[in-house]
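Inspection log for the structure reproduced underneath, given as structure tokens.
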Number of protein chains: 2
Amino acid sequence: MEKLTVVKVGGAVVEDEAQLMQLLSDFAAIEGRKVLVHGGGRRATQVASQLGIESRMVNGRRITDGAMLGVVTMVYGGLVNKNIVARLQATGVNALGLTGADMNVMHAHRRPLKDGIDYGFVGDVDEADGQRLATLIEAGIVPVMAPLTHDGQGHMLNTNADTIASETAKALARHYDVTLIFSFEKRGVLSRPDDDNSVIPVITRADYARYKADGTVSGGMLPKLDNAFDAIAAGVKAVNITLATAIDGHHGTMIVEA
Amino acid sequence: MEKLTVVKVGGAVVEDEAQLMQLLSDFAAIEGRKVLVHGGGRRATQVASQLGIESRMVNGRRITDGAMLGVVTMVYGGLVNKNIVARLQATGVNALGLTGADMNVMHAHRRPLKDGIDYGFVGDVDEADGQRLATLIEAGIVPVMAPLTHDGQGHMLNTNADTIASETAKALARHYDVTLIFSFEKRGVLSRPDDDNSVIPVITRADYARYKADGTVSGGMLPKLDNAFDAIAAGVKAVNITLATAIDGHHGTMIVEA
């Protein structure tokens, strides 16, 4: 199978002009087939605030009422997505911005009440259409995916960008040898949270069990790693957790089955 | 050649919930290959105002400084486009939202100073990629085009939706037997502006010359008709100017070469 790289870039990078330009230049330099998935939460919070709409987060997830759905649809699907697409086009990357509604590439359902919490218009993904994405990719297109899905009944839904990235990688794993890169503000999974030089280069499933048991890995890194191993269990070849300025697949932490 | 219909729908319809639902239902009912082009100017003005950004219009065109470019990118590319795409998906139309930057389907250049007026980030279209659009359409996709282009150097540009529609129709005329429908708030080209029942059913180029000379047609209708005859000169088979609730190709005014 051909190799394919899915890169997820978070809001903090997307919203910093210098970091974004570096990221897009590094992404353009990745050889072969690829997909970019972006966040944009900070910008959404900022625009919402300017519009007098309060952002409410529960467990790190945005409560998305009708007004906030309008904001994230504008900011993720329009402002952030199209600026990335235009910039990639300028570097010769034939980018196509997509939400889950476009060509129905990612269908979702509205999240049911969880522990009594109504997250509003938040989508849990049912399925990504790997065949449709692969057809585009084989035509030389580079999908740029916003963290938005739809319910098939006419509503857009707000969906976590890490989830968009892992669902995309999983769907494409039937067609390609997929590496999924989660880029963020740290150099990788750290064995000592305050020491940027303590990056763990490789984590297998057995390592992960051990690190969880002895407390080496904890907090916000746990969902990220669970997500990574889920992707691997679904056929993704490797998951790389790395700094946004080091997405060449040779830095940070590599997550592998064994 | 196969038939294809390009429907342009203006902001007033897009932003009225009931009219939009009717329009999308009518659009879904159009048989065969099709493209939807939408505006959204009133919503952009509204969001800009909420963000404390003043809208300045000259000759009916929006002066687009950096802040306003952000607003139209959000509103046209995100809010309006994705809501239309999600709703069309709900009716079984496999819609794909596009700006000119996406897959480089519509390249433009920033408008030079005109009569000393700097329109800002406004794009005059260089070329639409009819081949790329035709490939999508043959795969069963229905493009939904926002009034945004790009300059190939990383910038989005604001472009009039009528222009997007006619450039799309012209580019597709090499591949299809194209009918271009401009839907708006009147029943067609009227011989007496205040009489909705005075629709002129067919206007040929010779008729148009006569109507211009005798003043039957004047004002804002002139650029629309110039635009229509341009499209026809470039190979578009017919242009229909009609009410937004009557886009079946059997109402309003039909513009034909002869």
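At-a-glance table
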{"quantity": "Filter result for B:Asn240 (within 22 Å of B:Val85 (Cα to Cα) and touching a Gly at 6+ places or on another chain (Cβ under 7 Å))", "calculated": "no"}
{"quantity": "Some residue of the stretch A:86-95 being part of a strand (DSSP E or B) and buried (at least 24 other Cβ atoms within 10 Å of the Cβ)", "calculated": "yes"}
{"quantity": "Subset of the stretch B:28-59 [within 14 Å of another protein chain (Cβ to nearest Cβ) and touching a residue at least 40 places away in the same chain (Cβ under 8 Å)]", "calculated": "B:Ala28, B:Leu36, B:His38, B:Gly40"}
{"quantity": "Residue within the stretch A:88-106 that is more than 10 Å from chain B (Cβ to nearest Cβ) and within 26 Å of A:Gly235 (Cα to Cα) present", "calculated": "yes"}
{"quantity": "The stretch B:60-79 - residue that is of a type outside the set (Gly, Ala, Ser) and in contact with a strand residue (DSSP E or B) (Cβ under 6 Å, 6 or more places away or on another chain) and, of those, nearest to the other protein chains (Cβ to nearest Cβ)", "calculated": "B:Thr73"}
{"quantity": "Hits in the stretch A:201-258 (condition: surrounded by fewer than 15 Cβ atoms within 10 Å (Cβ to Cβ) and among the small types (Gly, Ala, Ser))", "calculated": "A:Ala206, A:Ala209, A:Ala213, A:Gly215, A:Ser218, A:Gly219, A:Gly220, A:Ala233, A:Ala258"}
{"quantity": "Options A:Arg43, A:Arg62: the member that is under 30 Å from B:Ser49 (Cβ atoms), of a type in the set (Lys, Arg) and touching a helix residue (DSSP H, G or I) at 6+ places or on another chain (Cβ under 6 Å)", "calculated": "A:Arg43"}
{"quantity": "Enumerated strands (runs of 3 or more DSSP E) restricted to the stretch A:134-210, each holding at least 2 residues that are β-branched (Val, Ile, Thr) and touching a Gly at 6+ places or on another chain (Cβ under 8 Å)", "calculated": "A:177-184"}
{"quantity": "Residue check, A:Val122 among the aliphatic types (A, V, I, L, M) and more than 11 Å from every other protein chain (Cβ to nearest Cβ)", "calculated": "yes"}
{"quantity": "Residue match in the stretch B:50-72 (condition: under 27 Å from A:Ala139 (Cα atoms), β-branched (Val, Ile, Thr) and part of a loop (DSSP other than H, G, I, E, B))", "calculated": "no"}
{"quantity": "The stretch A:17-39: number of residues that are outside any strand (DSSP E or B), in contact with a helix residue (DSSP H, G or I) (Cβ under 9 Å, 6 or more places away or on another chain) and farther than 18 Å from A:His251 by Cβ", "calculated": "3"}
{"quantity": "Unmet requirement for B:Thr168, which otherwise passes all of (1) surrounded by fewer than 24 Cβ atoms within 10 Å (Cβ to Cβ); (2) modelled with pLDDT of 95 or more; (3) among the β-branched types (Val, Ile, Thr); (4) closer than 27 Å to B:Thr64 by Cα", "calculated": "(1)"}
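The values are calculated or read from the model by the stated rules, or taken from the named source; none is laboratory data. In this text the structure is predicted, and so the values were computed from the model without any measurement. Positions of Cβ are generated from backbone atoms using ideal geometry, with glycine treated the same way; all protein chains shown enter the neighbour counts.
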